[in-house]
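Report on the following structure.
The values are calculated or read from the model by the stated rules, or taken from the named source; none is laboratory data. Keep in mind it's a predicted model, so treat the numbers as computed, not measured. Here the Cβ positions follow ideal geometry from the backbone for every residue, glycine too, while neighbour counts run over all protein chains shown.
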Amino acid sequence: GQQLNQSPQSMFIQEGEDVSMNCTSSSIFNTWLWYKQDPGEGPVLLIALYKAGELTSNGRLTAQFGITRKDSFLNISASIPSDVGIYFCAGLQGAQKLVFGQGTRLTINP
Amino acid sequence: EAGVAQSPRYKIIEKRQSVAFWCNPISGHATLYWYQQILGQGPKLLIQFQNNGVVDDSQLPKDRFSAERLKGVDSTLKIQPAKLEDSAVYLCASSDGYRYSGELFFGEGSRLTVL
């Protein structure tokens, strides 16, 4: 099946630093989404991108839908302790098939 | 608005035993999903329902897994018999299904440990 490759797999940063992570695929997707999962919880949608080249912000989060439709990145500015968690990219292919990446685990040192 | 409800939160069984998980989606959501999340991995779709019909069950191991959504509302996922590799969190999610945008609302998950 389709695979989404996220990098890095894990990040260890200081509070206040900016974060950048990305997601690539060999397949084209018509929608890219970024979810965050806290321990013991289900993933929660952060940002959705619907057009190639689209750049969308949600507070301190910024995400872009790659022009080739095969990649996306997520940036977090001025990280805070509650940003800790696992970030998943997800690609929507066809009508309703959503595929998730393997996640980027973010750890923040105070 | 109540979120997606799942039970039980935790279950420990021995291999070859059976287990069932229950999910109640957000009221009015037509589409319901069961995902399997193995530790350290992203969620993998097992089955997707639109109302009470199956849209996609291509990754459901049908020799041991079954799922139903008889009245188009709540759903049950069953594993019988369980194997060690079935240890995972089973996530239920729902979406309104009519303006499909990829936005899924997940429950807290049911963590299964098979010994």
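Can you confirm whether A:Val84 is more than 13 Å from the chain's Cα centre (by Cα) and of a type in the set (A, V, I, L, M, F, W, C)? Before the answer, list the steps.
Details: more than 13 Å from the chain's Cα centre (by Cα): yes; of a type in the set (A, V, I, L, M, F, W, C): yes.
Yes.
Report yes if B:Glu1 is at pLDDT 95 or above and surrounded by fewer than 17 Cβ atoms within 10 Å (Cβ to Cβ), otherwise no.
Values: at pLDDT 95 or above: no; surrounded by fewer than 17 Cβ atoms within 10 Å (Cβ to Cβ): yes.
Against the criterion (at pLDDT 95 or above and surrounded by fewer than 17 Cβ atoms within 10 Å (Cβ to Cβ)), B:Glu1 does not qualify.
Within region B:1-102, which strands (runs of 3 or more DSSP E) (wholly inside it) include 2 or more residues that are within 12 Å of chain A (Cβ to nearest Cβ) and of a type outside the set (Gly, Ala, Ser)?
On the way: elements: B:5-7, B:10-13, B:19-24, B:31-37, B:44-50, B:53-56, B:65-68, B:75-79, B:88-95.
The strands (runs of 3 or more DSSP E) meeting that bar are B:31-37, B:44-50, B:53-56, B:88-95.
Would you tally the residues in region A:5-43 being more than 10 Å from chain B (Cβ to nearest Cβ) and crowded, with 17+ Cβ neighbours inside 10 Å?
Summing the residues that are more than 10 Å from chain B (Cβ to nearest Cβ) and crowded, with 17+ Cβ neighbours inside 10 Å in region A:5-43 gives 9.
Select, from B:Pro25, B:Pro61, B:Pro8, the only residue that is modelled with pLDDT of 95 or more, crowded, with 22+ Cβ neighbours inside 10 Å and not basic (Lys, Arg).
Working: B:Pro61 fails: crowded, with 22+ Cβ neighbours inside 10 Å; B:Pro8 fails: crowded, with 22+ Cβ neighbours inside 10 Å.
The conditions single out B:Pro25.
Of the conditions (1) over 26 Å from B:Asp57 (Cβ atoms); (2) modelled with pLDDT of 95 or more; (3) surrounded by fewer than 19 Cβ atoms within 10 Å (Cβ to Cβ), A:Tyr50 satisfies every one except a single condition; which number is it?
(2)
Looking for something closer than 17 Å to A:Phe12 by Cα, modelled with pLDDT of 95 or more and of a type in the set (A, V, I, L, M) - is there at least one such residue anywhere in region A:85-94? Write out each step before concluding.
So in region A:85-94, the residues closer than 17 Å to A:Phe12 by Cα come out as A:85-88.
Those left that are additionally modelled with pLDDT of 95 or more: A:85-88.
Subsequent filtering for residues that are of a type in the set (A, V, I, L, M) retains A:86.
Among the residues of region A:85-94, at least one is closer than 17 Å to A:Phe12 by Cα, modelled with pLDDT of 95 or more and of a type in the set (A, V, I, L, M), which makes the answer yes.
Could you grab the pairs with beta carbons closer than 6 Å, sequence gap of 6+ or different chains, first residue in region B:62-74 and in contact (Cβ under 8 Å) with a residue 24 or more places away in the chain, second one part of a loop (DSSP other than H, G, I, E, B)?
B:Arg69/B:Asn52; B:Gly72/B:Asn51; B:Gly72/B:Asn52
Write out, first by first residue and then by second, each pair whose Cβ atoms fall under 6 Å of each other, whose residues are 6+ apart or on separate chains, and whose first residue, in region A:20-44, is without any contact (Cβ under 8 Å) to a residue 24 or more places away in the chain while the second is hydrophobic (A, V, I, L, M, F, W, C) and outside any loop (DSSP other than H, G, I, E, B).
Partner pairs satisfying both residue conditions: A:Gly42/B:Leu91; A:Gly42/B:Phe106.
Just to be sure, is B:Ser7 hydroxyl-bearing (Ser, Thr, Tyr) and over 15 Å from the mean Cα position of the chain (by Cα)?
Numbers: hydroxyl-bearing (Ser, Thr, Tyr): yes; over 15 Å from the mean Cα position of the chain (by Cα): no.
Taking the combined requirement at face value, the residue does not satisfy it.
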